[in-house]
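Trainee: Below is the structure I would like to discuss, written out as C-alpha cells.
The values are calculated or read from the model by the stated rules, or taken from the named source; none is laboratory data. A quick note: this is a predicted structure, and the numbers were derived from the prediction, not measured. Virtual Cβ from ideal backbone geometry, glycine too; neighbours counted across all protein chains shown. The accessibility values were calculated without ligands, DNA or RNA, using every heavy atom of the protein model including side chains. Shrake-Rupley method; radii C 1.70, N 1.55, O 1.52, S 1.80 Å.
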Amino acid sequence: MNILAIESSCDETAAAVVRDGRQVLSNEVLSQADMHAIYGGVVPEIASRNHIKVISRLAEEAVKKAGLARSDLDAIAVTAAPGLIGALLVGVNFAKGAALALGIPLIPVHHVRGHIAANFIAFPELEPPFVCLAISGGNTAIVDVRDYTDMSILGSTHDDAAGECFDKAARVLGLPYPGGLPLQNLAEGGDDSAFRLPHAKIDGHPFDMSFSGLKTAVVNIVHTAEQRGEELDRAGLAASFQRAVSDALVPRTMDAARELGYDTVVVAGGVAANKRIRADFEAACERDGLRLFVPPLKLCGDNAAMIGCQGYYEYMSGARAGQELNAYATMDIDRLTF
Ligand code: KG4
C-alpha cells in the first residue's frame, strides 16, 4: 500500500511516500527555519504562506522520487493536529483536494503519534508495547504506547515544551533560532554543575513536568550578569541547563517503564536529537537492562515519512476522513476527534 503523506504543522513543509507502513520511498522536507530566525521564533502567518507556496511542488517531487505515478497512490495521510492552525490547514486542504482528485482515502494523523512512529521506520524490529518520551518544540509527554493506535499519556508538561524551553534559553544566551542545536554546541566542554537550576515536581503527578521555572532561572542569570557587568560562564550555563532538562525527562521516563513493566524505552521528536539526553538515556537503559530506541537525527525533526508510517497503522485500524476534515491546534494523543 503506497501512502502519500503530508506534514505542515509548524515551519517544515514535508511530503513523503511510504509503502506498507515502514518502507520510505521518498521523504522531502523543506525547512523555513531561516525565514523565522530573524524573529527568534516561528511567525504563524509567514509559516502558512510559505507552506502554500511549496506544498504542491513538494508533493509532486515526493511521488516522482518514489518512482511512482499519481495513480500508484492508495491513500493520502495528513497531519491534522496539533500545531499552528493556519499551517495545518494548508496541509489538510491540500490533502483533501488530492484525495478527492485521485479518488483515494484520506487519513488524518496526530503529529505526536507520527513522531513516535519515526521509530518504526528506523527500527524494523520495534513493536509496541513500550513507553515513549515524545519531546518536540510544541509537545512534551510520556506516553504508554500499548499498540500502534492505542496509547495514553502518563505525564506531560504543565507549561513549556522541552524544545520551547531550549529555544528560549538559547535566545537569551544570544544563540540563533531554533536554539536546541546551538545550545548543545555551546554546552560542549561546559561544566554541567556550574549553575544550580530549579527542578520542578508536581505534587501527586509524578510523571508531569514543568519547564517555565527553569526557563525563568536562565533568563534571570543572564540578565543579572548583564546588569552587574559580570562575565557569564555561558558554556557552563548551557551545560547546566541541558543537565536540568535531561534530569527532568530521563528518570521520569525510566520510572514509567518500570511501573508499566515494559522492557523498551523509545524517544521521539526534535529534542530527541540532543546528545546529552541521548547519552543519559543510554546510561539509564544500560543500568536497568532496558532496550532503548532513539531515531537517527534526520527522523527526529518534523518530516512526512513518520506521518505516512503512522497513517498506515491508523488506516489499518479503520481511520478515514471525509471532505469535512478540519485541522485542530490542540488534540490529545489518546482521544482523537477528527
Ligand atoms: O520535532 P520538531 O522538529 O518540531 C516540532 O514538532 O515541534 O522539534 C523542534 C525542536 C526545536 O525546539 C529545536 O530547538 C529542538 O527541537 N531541537 C533540539 C536539538 N535539535 C532540535 N533540542 C535540543 N538539542 C538538539 N540537538
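Trainee: Do we have any residue at all in region 26-44 that's in contact with a Gly (Cβ under 7 Å, 6 or more places away or on another chain) and in contact (Cβ under 8 Å) with a residue 24 or more places away in the chain?
Mentor: Within region 26-44, one or more residues are in contact with a Gly (Cβ under 7 Å, 6 or more places away or on another chain) and in contact (Cβ under 8 Å) with a residue 24 or more places away in the chain.
Trainee: Which one of these does residue 331 not meet: (1) in the same structural domain as residue 143 (by TED's automatic domain parsing); (2) in contact (Cβ under 8 Å) with a residue 24 or more places away in the chain?
Mentor: Residue 331 satisfies all of (1) in the same structural domain as residue 143 (by TED's automatic domain parsing); (2) in contact (Cβ under 8 Å) with a residue 24 or more places away in the chain except (1).
Trainee: Looking only at residues that are under 18 Å from residue 10 (Cα atoms) and open to solvent by 30 Å² or more (accessible area, probe 1.4 Å) in region 169-180, which one is nearest to the ligand (Cβ to nearest atom)?
Mentor: Ranking the qualifying residues of region 169-180, first place goes to 178.
Trainee: How about region 222-248: which of its residues are open to solvent by 40 Å² or more (accessible area, probe 1.4 Å) and either assigned to a helix (DSSP H, G or I) or of a type in the set (Lys, Arg) (or both)?
Mentor: Within region 222-248, 223, 224, 226, 227, 228, 234, 243, 247 qualify.
Trainee: Also, I was wondering about something else. Take the residues in region 9-49 that are touching a strand residue (DSSP E or B) at 6+ places or on another chain (Cβ under 7 Å) and among the small types (Gly, Ala, Ser), then tell me which one is surrounded by the fewest Cβ atoms within 10 Å (Cβ to Cβ).
Mentor: Among residues in region 9-49 that are touching a strand residue (DSSP E or B) at 6+ places or on another chain (Cβ under 7 Å) and among the small types (Gly, Ala, Ser), the one surrounded by the fewest Cβ atoms within 10 Å (Cβ to Cβ) is 31.
Trainee: I've got another one for you. Cβ contacts < 9 Å: first residue assigned by TED's automatic domain parsing to the domain that holds residue 216, restricted to region 166-180; second residue more than 10 Å from the ligand (Cβ to nearest atom) and of a type in the set (Lys, Arg), any location; separation 6+ or different chain. Result?
Mentor: Going by the 9 Å Cβ cut-off, the qualifying pairs are 168/215; 169/215; 172/215; 173/234; 174/234; 177/171; 179/171.
Trainee: Can you pull out every residue in region 240-278 that is among the aliphatic types (A, V, I, L, M) and closer than 15 Å to residue 181 by Cα?
Mentor: 245, 271, 272, 273, 277
Trainee: Would you say residue 96 is outside the structural domain of residue 269 (by TED's automatic domain parsing), outside any strand (DSSP E or B) and farther than 19 Å from residue 20 by Cβ?
Mentor: Spelling it out, residue 96 is indeed outside the structural domain of residue 269 (by TED's automatic domain parsing), outside any strand (DSSP E or B) and farther than 19 Å from residue 20 by Cβ.
Trainee: Among the residues in region 54-76, are any closer than 15 Å to residue 114 by Cα and crowded, with 24+ Cβ neighbours inside 10 Å?
Mentor: yes
Trainee: Only one of (1) outside any loop (DSSP other than H, G, I, E, B); (2) within 16 Å of the ligand (Cβ to nearest atom) fails for residue 330. Which number is that?
Mentor: Checking residue 330 against (1) outside any loop (DSSP other than H, G, I, E, B); (2) within 16 Å of the ligand (Cβ to nearest atom), the one that fails is (1).
Trainee: Right, another one. Given the condition within 16 Å of the ligand (Cβ to nearest atom), among the hydrophobic types (A, V, I, L, M, F, W, C) and outside any strand (DSSP E or B), answer yes or no: does some residue in region 106-113 qualify?
Mentor: Yes; the residues of region 106-113 include at least one that is within 16 Å of the ligand (Cβ to nearest atom), among the hydrophobic types (A, V, I, L, M, F, W, C) and outside any strand (DSSP E or B).
Trainee: Next up: I'm trying to understand the selection: among the residues of region 295-338, which are touching a helix residue (DSSP H, G or I) at 6+ places or on another chain (Cβ under 8 Å), farther than 22 Å from residue 19 by Cα and open to solvent by less than 40 Å² (accessible area, probe 1.4 Å)?
Mentor: Those that are touching a helix residue (DSSP H, G or I) at 6+ places or on another chain (Cβ under 8 Å), farther than 22 Å from residue 19 by Cα and open to solvent by less than 40 Å² (accessible area, probe 1.4 Å): 325, 327, 333.
Trainee: Anything in region 252-285 that is basic (Lys, Arg) and within 17 Å of residue 206 (Cα to Cα)? List them, or say none.
Mentor: Listed by number, the residues that qualify are 252, 258.
Trainee: Sticking with this structure for a sec: Could you say whether any residue in region 12-26 is over 17 Å from the mean Cα position of the chain (by Cα) and assigned to a helix (DSSP H, G or I)?
Mentor: No, that holds for no residue.
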